[in-house]
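Below you'll find the structure, written out as structure tokens, and then a few comments.
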Amino acid sequence: MNRNEYFSLMSEKNTLINLISKTPDDFQFKLEKMSLNSRLEEVENKLKRVDKDFLHFPSKLQVTFRGAPVLGTTGISSNFGTIAIKALTDAINCILKSLNVGKSENANLMITDIAKGSFGFVLEDIGNQSFSLLPEDDKSSNIAINKFQEILGFASNSDSSELIENIIELDLNSINKIKDFVEILDKNKAVCAINFNEHSFSFQNNNQVKTALSHLDIAKKSDIDETLNVMFLGVLPNKRKCEFKLVGDDNVYVASIDKKIKDPELINKHLNSYVNASFKTSQIEDRPKKYLLLELPCSW
């Protein structure tokens, strides 16, 4: 039984309970009620036999390597394999902490199998074994792994603008840890492919590794938390973006909205007047500043 089948049975159980409660006890409804109770008993027996571990069975992260440290599909240098996997898990955990400010959650990644195709490993997050109905893509560790893949993809692209746009929500330590992983690949003349859920990323050659390393090196940014006097012009809540002007400045700026702000649409009720709001400003070299709205004005 897979997750979808389990949730289908749970839905059927709730429907049956509701129907039984609404079915009169009158004689003419006796057969109908018996049939509903019989089906409910059948569904409940199926649910009792379910090993609920499969509901939170961790998604598999597959990492394979090619290049100098790898002997085809036969084996991999133990020294390289050890440091590469450690660097990868360190980067994912730093991203996880960066995206979940104030929480000390870790992705407890464990090697559970060998991955062939070139040579590599299958890892699973066995850290949280509590029963959860969260879709796979909503789990914090999965979001961090997907973010790791995205950043590698943006970094390996010849244009670094998307990388700059997408690292604003990460702290400098996370960026450095991602760079450490790429640096290990570069020093060992290796490339990698990362597959997770329906997401995948791969370095096609060593030149892409060097490009990513170069872009991550310039991505050392300055982060400042500051209170700015701004006039909000509007918000796109689904994209979690807002437009604003700074006092004494006619330019229009765009800010991302921090995930801890639960109701960004509130901004649209307070437009066209200046207020003090908390932002994180990030800047890479002489490029334009990027803004992250950290908190809504306390006067709202």
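The values are calculated or read from the model by the stated rules, or taken from the named source; none is laboratory data. Here the structure is a predicted model, which is why all the values come from computation and not from measurement. Methodologically, a virtual Cβ is constructed for each residue, glycine included, from the backbone with ideal geometry; neighbour enumeration extends over all protein chains shown. SASA here: full protein model, heavy atoms, side chains in, ligands and nucleic acids out. Shrake-Rupley method; radii C 1.70, N 1.55, O 1.52, S 1.80 Å.
Cβ-Cβ distance below 9 Å, separation of 6 or more or different chains: which pairs start in the stretch 243-266 with a residue that is without any contact (Cβ under 8 Å) to a residue 24 or more places away in the chain and end on one that is surrounded by 12 or more Cβ atoms within 10 Å (Cβ to Cβ) and polar (S, T, N, Q)?
L246/N229; G248/N229
Take the residues of the stretch 180-201 that are under 18 Å from I76 (Cα atoms) and in a strand (DSSP E or B): which is most open to solvent (accessible area, probe 1.4 Å)?
A193
I need the full set of residues from the stretch 119-140 which are at pLDDT below 90 and either open to solvent by less than 50 Å² (accessible area, probe 1.4 Å) or charged (D, E, K, R) (or both), in order please.
Of everything in the stretch 119-140, those that are at pLDDT below 90 and either open to solvent by less than 50 Å² (accessible area, probe 1.4 Å) or charged (D, E, K, R) (or both) turn out to be E124, D125, G127, S132, E136, D137, D138, K139, S140.
Go through the stretch 141-167 and report how many residues are at pLDDT below 90 and surrounded by 19 or more Cβ atoms within 10 Å (Cβ to Cβ).
6
For the stretch 206-228, which positions are modelled with pLDDT of 90 or more, open to solvent by 70 Å² or more (accessible area, probe 1.4 Å) and out of contact with any strand residue (DSSP E or B) (no Cβ under 6 Å at 6 or more places or on another chain)?
Residues satisfying the conditions are N207, K210.
With the requirement that a residue be free of Cβ contacts under 8 Å to residues at least 24 places away in the same chain and under 19 Å from the mean Cα position of the chain (by Cα), what does the stretch 177-211 give you?
Answer for the stretch 177-211, where residues must be free of Cβ contacts under 8 Å to residues at least 24 places away in the same chain and under 19 Å from the mean Cα position of the chain (by Cα): E198, S202.
Would you be able to tell me the number of residues in the stretch 168-177 that are open to solvent by 50 Å² or more (accessible area, probe 1.4 Å) and among the hydrophobic types (A, V, I, L, M, F, W, C)?
Number of matching residues: 1.
To keep it simple, each residue is scored yes or no on (1) among the aliphatic types (A, V, I, L, M); (2) more than 20 Å from I164 (Cα to Cα); (3) open to solvent by 50 Å² or more (accessible area, probe 1.4 Å).
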{"position": "M231", "(1), (2), (3)": "yes, yes, no"}
{"position": "P237", "(1), (2), (3)": "no, yes, no"}
{"position": "C242", "(1), (2), (3)": "no, no, no"}
{"position": "V247", "(1), (2), (3)": "yes, yes, yes"}
{"position": "N251", "(1), (2), (3)": "no, yes, yes"}
{"position": "K262", "(1), (2), (3)": "no, yes, yes"}
{"position": "E265", "(1), (2), (3)": "no, yes, yes"}
{"position": "N268", "(1), (2), (3)": "no, yes, yes"}
{"position": "L271", "(1), (2), (3)": "yes, yes, yes"}
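Output the number of the condition that I20 fails; it satisfies all remaining conditions of (1) at pLDDT below 90; (2) open to solvent by less than 70 Å² (accessible area, probe 1.4 Å).
In the conditions (1) at pLDDT below 90; (2) open to solvent by less than 70 Å² (accessible area, probe 1.4 Å), I20 misses (1) alone.
Could you list, in sequence order, the residues of the stretch 231-265 that are in a strand (DSSP E or B) and within 16 Å of P288 (Cβ to Cβ)?
Quick first cut of the stretch 231-265, residues in a strand (DSSP E or B) only: 231-236, 241-246, 253-257.
Listed by number, the residues that qualify are K241, E243, F244, K245, L246, Y253, V254, A255, S256.
Among all residue pairs at least 6 apart or on different chains, which show Cβ distances below 6 Å where the first residue, located in the stretch 30-47, is over 15 Å from Y6 (Cβ atoms) and the second is part of a helix (DSSP H, G or I) and open to solvent by 60 Å² or more (accessible area, probe 1.4 Å)?
Matching pairs, first to second residue: L36/L19.
Out of everything in the stretch 23-73 that is in contact with a Lys or Arg (Cβ under 9 Å, 6 or more places away or on another chain) and aromatic (F, W, Y), what residue ends up being modelled with the highest pLDDT?
For the stretch 23-73, the residue satisfying everything is F57.
Give the number of residues within the stretch 64-105 that are touching an Asp or Glu at 6+ places or on another chain (Cβ under 9 Å) and either outside any helix (DSSP H, G or I) or more than 19 Å from L170 (Cβ to Cβ) (or both).
1
If I filter the stretch 69-101 down to residues being exposed (fewer than 14 other Cβ atoms within 10 Å of the Cβ) and not polar (S, T, N, Q), which single residue comes out as farthest from S118 (Cα to Cα)?
Per the stated criteria, the residue is V101.
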